[in-house]
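The values are calculated or read from the model by the stated rules, or taken from the named source; none is laboratory data. No experiment lies behind these values; they were computed from the predicted model shown. We place every Cβ from the backbone using ideal geometry, glycine too, and count neighbours over all the protein chains shown. SASA here: full protein model, heavy atoms, side chains in, ligands and nucleic acids out. Shrake-Rupley method; radii C 1.70, N 1.55, O 1.52, S 1.80 Å.
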Amino acid sequence: MPGPATPRDPDGPSGPRGAAGAAGAVGFAGHDAGTRTRPGARAGAGAGAGAGAGGGPDGAAVGREARRTSHGSRRVGDVVATVLLLVLLAVESVAAGGAIVFLSMAFHSCAAPGNSCDVGLGSTVVTVGPVLAGLVFVATLLGCTLRLVRRRLAWPIALVGIAAQIVVFSAALLLVDSAVQHGF
């Protein structure tokens with residue numbers, strides 16, 4: 001009968017293996033032919049013990065470092081797509097905010113004969129519009145950051161932010177257009 005088992009760090013590397021593979025290996029997160037063993041149990045006690053029973057092709061144990069790579073490419077793709085979409089959103093936010101301020105030039109035609117303008121509505125839109133564009137950007141940035149930290153998909157949130165920015169600019173454009181009445 002073997003001596004008492006020494007606990008292994010489940011986050012650490014698998015460590016060196018002897019010629020018998022994982023047949024006598026003991027540990028907290030040991031895998032033996034796809035089954036978990038409890039602390040202190042012999043990993044080779046079940047069916048399939050012997051060389052190659054550690055889960056790997058040459059008998060090496062498959063630990064957390066091996067499981068981490070199964071979703072790694074999807075995670076990298078999500079981070080890259082999210083960052084690119086957030087950069088696009090930042091550019092769009094600056095452009096939308098500037099364009100909303102630029103809409104104030106529509107009120108220069110208020111002095112023309114026959115034109116009437118709702119200056120209160122127009123000035124409110126020109127003042128609040130860029131603030132809303134900034135808030136959409138900040139909210140999207142925070143939402144994406146939280147989802148990335150929680151290892152959830154974040155690029156759909158960035159797409160929603162881009163669509164929300166388009167809605168903010170379109171609403172501002174429609175409100176400014178309704179504030180200026182062109183007479184003929």
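Observations, loosely collected:
- The distance between label points at S109 and Q181 comes to 1.5 nm (points 7 Å beyond Cα on the Cα→Cβ vector).
- Nearest-0.05 FRET efficiency for L135 and F102, computed from C-beta distance (R0 22 Å): 0.70
- Annotation: L142 carries an accessible surface of approximately 110 Å², with a 1.4 Å probe and no ligand, DNA or RNA atoms counted.
- Cut-off 11 Å between beta-carbons: net charge of the residues surrounding R152, Lys and Arg +1, Asp and Glu -1: +3
- In range of the label at S116: residues from segment 146-182 whose backbone nitrogen is under 19 Å from the point 7 Å along Cα→Cβ: 175-182
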